[in-house]
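The values are calculated or read from the model by the stated rules, or taken from the named source; none is laboratory data. Quick caveat, the model's predicted, so the values are computed rather than measured. Backbone-built Cβ (ideal geometry, glycine too); neighbour counts: all protein chains shown.
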Amino acid sequence: VKAVIITIGDEILIGQTVDTNAAWIGEQLNRIGVQVEKNISIRDAHDAIHTAIDEAWEQAPLVIMTGGLGPTGDDITKQSLADYFNTALVFSEKVHQRVQAFLTKRGYSMNSNNKDQAMVPEACTVIDNPLGTAPVMKFEQNGRWLFSLPGVPFEMKEIMHKEILPRVKADFQLQPVKHKTIMTYGMPEAFLAEKLEKWEAGLPAQVSLAYLPSPKGIKIRLSVYENASEFDDKLKQAVSELKAIIPGNVFSDSETELERVLLENLKKYGLRLATAESCTGGRIASVLTSVPGSSDVFNGSIVAYQNAVKSKLLNVPEAVIAEYGAVSEPVVKYMAEGVMKQLNADAAIAVSGIAGPGGGSPDKPVGTTWIAIALKNKVEAQRFRFGSTRDVNILRAAYSGMFLLNSVVRETYEQ
Ligand code: ATP
């Protein structure tokens, strides 16, 4: 079955709110086998809402709409829907009681705006909203469904999980889809595609392939949209063939992020990690510590931005910095060894680079970055030339450092 998602709100159109609702709903629908045909984002305006519903229902029998249901004057979705379905707003005792109970629980009493929330279009079925006061509505017309949900993401998600997805699964004939995502790092998209050309040609016609690049690596996604359950073995085989072609680049075949894979591997081999960060300014530490349980593995980081800090806290000899410059092989090697010792770790990542936009020179252009990996008594370093914007250079440096250490750990312990 096909679906259209409509997100309502002026704030989405002027870029004040990123439309994460459409992305999240799209992912959930795709998972249960609903094909999202289109996303439509519109203003809080009656004509825009009416036109969007016409357009959506022309293309799909299932429409999921979010936003514009709040208790304030700019929230007009409910009235628009009532007009669209030629029906009046009527008082719902059920919604009234629910809103009252919701507010009482939080120590508020009802005001006139909340009272208005108990008015709902006569033509709809009201669905429970366990986390908010805005009513959730379902409209049906000629076998087509339209759900209107609040825009607040955590309310919308709860309602989708508890109320909408189960109804869609029960009432529509769904074709489950299957995705398998392989995470790679360290090979640009064009090279990857060239290396995988033969493998790609050998995939069954029903399996479609997508490359999804970002500074965190390239995801290779295999998808089957029809009779997906018959393709389990074929997908497994395709994944193992792929891994055999680029064994050093695949770090996960279960969609796990690099930071999690690295932490898992370090934990598995009883290794504790420290980072010494110059141009990444603590980004590696930040990414790692956003993973729950990272304290099992991660000791800490020294953000050594100034040369004096590199010397004082990481014992990088001043003479080495003077001779080779802060962005150099010997300096990052000293940084890695220094932080490993200072923070009592078994492994370290050290980064020093020119993130830009200023600071480049002919032999060290913007994006030049040295990364060192220390593991027990082994230290190695590699130079990269990212050459992008400051933000992307920093992100690439952080992920390259984690990828390098993960590769060294695997080479050392997986034999
Ligand atoms: P409420 O009962 O909270 O008022 P509502 O349906 O009126 O619900 P909106 O007023 O449209 O929701 O939006 C409330 C907030 O929810 C917005 O300020 C924004 O932060 C977030 N939001 C709305 N739509 C989206 C969206 N499509 N993607 C991400 N966030 C959204």
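Miscellaneous remarks
- Answer residue from region 224-247, given it is β-branched (Val, Ile, Thr) and within 28 Å of residue 34 (Cβ to Cβ) and is surrounded by the most Cβ atoms within 10 Å (Cβ to Cβ) among those: 224
- Residue, surrounded by the most Cβ atoms within 10 Å (Cβ to Cβ), within region 312-325, restricted to residues that are of a type in the set (A, V, I, L, M) and assigned to a helix (DSSP H, G or I): 314
- Within region 23-47, being without any contact (Cβ under 8 Å) to a residue 40 or more places away in the chain, outside any strand (DSSP E or B) and either within 11 Å of the ligand (Cβ to nearest atom) or buried (at least 19 other Cβ atoms within 10 Å of the Cβ) (or both) holds for 23, 44.
- No other residue among 376, 333 is among the basic types (Lys, Arg), closer than 27 Å to residue 248 by Cα and buried (at least 18 other Cβ atoms within 10 Å of the Cβ) apart from 333.
- Condition broken by residue 341, with the remaining ones in (1) surrounded by 16 or more Cβ atoms within 10 Å (Cβ to Cβ); (2) touching a residue at least 24 places away in the same chain (Cβ under 8 Å) satisfied: (1)
- Among residues of region 53-72 that are at positive phi, those with a Cβ under 6 angstrom from a residue that is of a type in the set (A, V, I, L, M) and at pLDDT 95 or above, sequence gap 6+ or separate chain, pair up as 67/8; 68/8.
- Scanning region 59-93 for residues that are part of a helix (DSSP H, G or I), away from the ligand (no atom under 16 Å from the Cβ) and under 30 Å from residue 174 (Cβ atoms) yields 59, 84.
- Residue match in region 117-124 (condition: closer than 29 Å to residue 23 by Cα, under 29 Å from the mean Cα position of the chain (by Cα), within 14 Å of the ligand (Cβ to nearest atom) and crowded, with 16+ Cβ neighbours inside 10 Å): no
- For residue 157: the one exception among (1) in contact (Cβ under 8 Å) with a residue 60 or more places away in the chain; (2) away from the ligand (no atom under 16 Å from the Cβ): (2)
- The residue of region 170-200 that is surrounded by the fewest Cβ atoms within 10 Å (Cβ to Cβ), among those that are in a helix (DSSP H, G or I) and under 25 Å from the mean Cα position of the chain (by Cα), is 190.
- Tally of residues being under 26 Å from the mean Cα position of the chain (by Cα) and either outside any strand (DSSP E or B) or free of Cβ contacts under 8 Å to residues at least 12 places away in the same chain (or both) across region 358-402: 18
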